[in-house]
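Undergrad: Could you have a look at this structure, given as structure tokens, before my questions?
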Amino acid sequence: MEDIETMKMKKRVVVLLSGGIDSTTCLALAIKAYGAEQVLALTTFYGQKHKKELEAARAVSRYYGVAQHEADLTQAFVYSNCSLLAQSSEAIKHESYASQLAELGGSGTVATYVPFRNGLFLAFAASIAVSVGAEVVYYGAHADDAAGRAYPDCTPEFEEAMGRAIYEGSGHTCRLEAPLLNLNKAGVVKTGLELKAPYELTWSCYEGGERPCGTCGTCRDRAQAFKANGVVDPALK
């Protein structure tokens, strides 16, 4: 993590970087557009059951040589019983998102939705962006997460509303971009492969084992995306 003096240096773009495929692809796109020296990666610990994503985000940031800042926003979710959180009494479901949505009648938030997480992260990122002079915030919402409103803070409607809020709240100095919004997971992976994103360094699994479990919703989604692109997930080699 960068020291405070480095953080004070002006940057043109802030990227929410969780350490997974989507945010790593966003980071690759931001670097292509602005250059690594103009990018600040923002990584957040929010009380999840493991820190594998944080470790992955650090590794990806080092790979690209970008400045990175880590924040702890755990207190925002102390009242949530989302299964991803350390204090939760709920077990993580080991089934596909499609199955989970079917159980909800085709629409509704899945058990791994952390309440308004992206809203909080984006508001935090906007504050950081204004402070470092950044003109844009990137985040990695994509069409599969928006489907059936499984993750309502990944929908086009949410992105449009948050984009307006950030633009107005920053005094028209900063905007929001979700460059993957109209892509499914396979499309995200295709984009990242074309950019040679270091997917071997990423972590998506909701469990914190030595290797991905392969059966939670995000593991299944990831496996299908790589299969659709005709390649083996480099993190599993």
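Undergrad: Given the criterion at pLDDT below 95 and either more than 22 Å from P212 (Cβ to Cβ) or not β-branched (V, I, T) (or both), identify the matching residue among A102, A125.
TA: Just a single option satisfies the conditions, and that option is A102.
Undergrad: If you go through the range 128-151, how many residues are out of contact with any strand residue (DSSP E or B) (no Cβ under 7 Å at 6 or more places or on another chain), buried (at least 19 other Cβ atoms within 10 Å of the Cβ) and farther than 18 Å from S18 by Cβ?
TA: Of the residues in the range 128-151, 2 are out of contact with any strand residue (DSSP E or B) (no Cβ under 7 Å at 6 or more places or on another chain), buried (at least 19 other Cβ atoms within 10 Å of the Cβ) and farther than 18 Å from S18 by Cβ.
Undergrad: While we're looking at this one, here's another question. From (1) among the aliphatic types (A, V, I, L, M); (2) within 29 Å of A36 (Cβ to Cβ); (3) crowded, with 18+ Cβ neighbours inside 10 Å, pick out the condition that doesn't hold for L84.
TA: (2)
Rundown of residues vs (1) buried (at least 16 other Cβ atoms within 10 Å of the Cβ); (2) more than 25 Å from I31 (Cβ to Cβ); (3) at pLDDT below 95, yes/no style:
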| site | (1), (2), (3) |
| --- | --- |
| V66 | yes, no, no |
| Q75 | no, yes, no |
| S88 | yes, yes, no |
| F158 | yes, yes, no |
| A161 | no, yes, no |
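Undergrad: More than 30 Å from A36 (Cα to Cα) and touching a helix residue (DSSP H, G or I) at 6+ places or on another chain (Cβ under 7 Å): does that describe A76?
TA: For A76, the condition - more than 30 Å from A36 (Cα to Cα) and touching a helix residue (DSSP H, G or I) at 6+ places or on another chain (Cβ under 7 Å) - is met.
Undergrad: Any residue at all in the range 154-163 that's within 27 Å of Y63 (Cα to Cα), under 18 Å from the mean Cα position of the chain (by Cα) and among the charged types (D, E, K, R)?
TA: Checking the range 154-163: not a single residue is within 27 Å of Y63 (Cα to Cα), under 18 Å from the mean Cα position of the chain (by Cα) and among the charged types (D, E, K, R).
Undergrad: Same structure again: Filter the range 187-221 down to residues that are over 15 Å from V60 (Cβ atoms) and touching a Pro at 6+ places or on another chain (Cβ under 7 Å) and give me whichever is surrounded by the fewest Cβ atoms within 10 Å (Cβ to Cβ).
TA: C219
Undergrad: So H172 clears everything in (1) in contact (Cβ under 8 Å) with a residue 24 or more places away in the chain; (2) over 18 Å from T44 (Cα atoms) except one condition, right? Which one?
TA: (1)
Undergrad: Taking the range 96-114 as the search range and keeping residues that are in a loop (DSSP other than H, G, I, E, B), surrounded by fewer than 16 Cβ atoms within 10 Å (Cβ to Cβ) and not hydrophobic (A, V, I, L, M, F, W, C), which one is farthest from the chain's Cα centre (by Cα)?
TA: Applying the filter and picking the extreme gives G105.
The values are calculated or read from the model by the stated rules, or taken from the named source; none is laboratory data. Model, not experiment: these values are computed from the prediction. Every residue, glycine among them, receives a Cβ derived from its backbone with ideal geometry; neighbour counts consider all protein chains shown.
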